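Participant: Could you have a look at this structure, given as C-alpha cells, before my questions?
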Amino acid sequence: IKDVAEMFDYPRYFHLGYDEETASHQRQHLYAVCRQGDLWWHDFLWFAKVTEKTGCRPWIWADSFWRHPEEFAAKVPRSVLLSNWYYGRTFKEEGPFERRYEEVRLKAYKALDKLGYEDIPCATNWLPSYYDTPVNDVNWPMTVEYCLKNVSPERLKGFMMAPWAFTEEKQRAFWMRGLDLVEASIKSSKRS
C-alpha cells in the first residue's frame, strides 16, 4: 500500500476491494483466498489503517454490509469511503425484484446513508447472462436519480460506471454505450 500510494503520488482515495472474498465467488479460481470472521475484520482494519497512514482515504465495496449490517456498522470506521452497487432494473423498494438479493442491495443506499457513511454508488450498463438480455440501459440513469433523491448530498461523493466488459476491441461499442449513458446524465443535470 505504501509503495502504490507513493507511485501514484498519494491519491485522495485508495480502493482496497473487499468484495467477492467468498468461496462461491472463487469456486472457478485455481488459487483462492477467503478470509472469514475475525481474520477478515483484523485484516480489513489493518489495511484501512495502513492506507490512512499514507494520507490516502480507504475505499471499499459495500458488499459485506449486505450480509452483516450490524457488524459492519459497528466495525467499519466512517472514514472509510464505500461504493454500494446495485445493477438491477427495479427501483421501487417494494419490488417486484428480478433476483431475491436485489432488494437488500438497493435498500443499502439509504441504510448506509443513515449510518453516516459516504458513498460513491456504482451502476452499470451490463447484466449477467442469466437475465433476458445482457444490455441494461436503465440502471445508470435510475441509480443516479434514486441516489440523488435518497442519499444525503454531503455523503454522496459521485457515481461510478462499471460496464464489466473485457477491454478488447470487440467490446468497444459496449464501453462506449456506458460512456454515453454517463454523458447523458451529466447533460441532463446541467439543464435542471
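Participant: Tell me what the chain gives for mean residue ellipticity at 222 nm when only DSSP H runs of n ≥ 4 count, each as -39,500 (n - 2.57), the sum divided by the residue total, rounded to 500 deg cm²/dmol.
Facilitator: Details: 7 runs with 80 residues, N = 192.
Roughly -13000 deg cm²/dmol at 222 nm, from the helical runs in the chain.
Participant: What is the Cα centroid distance between the range 92-135 and the range 152-189, reported in whole angstrom?
Facilitator: Taking the Cα centre of the range 152-189 as reference, the centre of the range 92-135 is 16 Å away.
Participant: Could you work out how much longer the chain between S152 and E93 gets when fully extended? Use 0.36 nm per residue separation minus the Cα distance between them, nm to one decimal. Walk me through the numbers before you get to the answer.
Facilitator: Working: separation 59, 0.36 × 59 = 21.24 nm, distance 1.79 nm.
So the extension gain works out to 19.5 nm.
Participant: Just to be sure I understand: of the beta bridges DSSP finds with both ends in the range 1-137, what percent are antiparallel, rounded to 5? Numbers along the way, then the final one.
Facilitator: On the way: 1 of 10 bridges.
Close to 10 percent.
Participant: Does anyone have the angle between helix 102-114 and the longest principal axis of the chain? Alpha-carbon axes, 0 to 90°, nearest 10?
Facilitator: Roughly 60 degrees between the two axes.
Participant: Compute the FRET efficiency between S79 and K114 as 1/(1 + (r/R0)^6), taking r as their Cβ-Cβ distance and R0 = 22 Å, and round to the nearest 0.05. Walk me through the numbers before you get to the answer.
Facilitator: Working: r = 17 Å, r/R0 = 0.79.
Result of the calculation: an efficiency of 0.80.
Participant: Ok, one more. Give me the angle, in degrees from 0 to 90, between the Cα long axis of helix 172-191 and the longest principal axis of the Cα atoms of the chain, rounded to the nearest 10.
Facilitator: 80 degrees
Participant: Between K2 and L45, what length in nm is gained on full extension when 0.36 nm per residue of separation is reduced by their alpha carbon distance? Please list the in-between numbers first.
Facilitator: On the way: separation 43, 0.36 × 43 = 15.48 nm, distance 1.56 nm.
Extending this stretch completely gives an extra 13.9 nm.
Participant: What length, rounded to one decimal in nm, is gained on full extension from A173 through to D38, with 0.36 nm per residue of separation minus their alpha-carbon distance? Could you put the intermediate results ahead of the total?
Facilitator: Values: separation 135, 0.36 × 135 = 48.60 nm, distance 4.37 nm.
Here the segment from A173 to D38 would lengthen by 44.2 nm.
Participant: Separate question: Give me the net charge of A48's neighbourhood, meaning all other residues with Cβ under 12 Å from the Cβ of A48; Lys, Arg count +1, Asp, Glu -1.
Facilitator: On the way: positive: K49, K53, R57, K75, R78; negative: D43, E52.
So the environment of A48 carries a net charge of +3.
Participant: Taking Cα atoms, how many degrees apart are the long axis of helix 37-53 and the longest axis of the chain, rounded to 10 and kept between 0 and 90?
Facilitator: Approximately 90 degrees, to the nearest 10.
Participant: Is the shape of the range 1-109 rounded, prolate or oblate, going by the alpha carbon gyration tensor and its root eigenvalues a ≥ b ≥ c, with a/c under 1.5 for rounded and a/b larger than b/c for prolate? Can you show the working numbers first?
Facilitator: Details: a/c = 1.93, a/b = 1.56, b/c = 1.24.
Taking the square roots of the gyration eigenvalues as a ≥ b ≥ c, the range 1-109 is prolate.
Participant: Under the rule a/c < 1.5 gives rounded, and otherwise a/b versus b/c splits prolate from oblate, where does the range 71-192 land using the Cα gyration tensor? If you can, show how the numbers build up before the last one.
Facilitator: Values: a/c = 1.68, a/b = 1.40, b/c = 1.20.
Because a/c hits 1.5 or more and a/b exceeds b/c, the range 71-192 counts as prolate.
Taken together, the values in this text are just the output of simple stated rules run on the coordinates, not laboratory data. Here the structure is a predicted model, which means the values were calculated and not measured. Cβ atoms come from the backbone with ideal geometry, glycine included; neighbour counts cover every protein chain shown.
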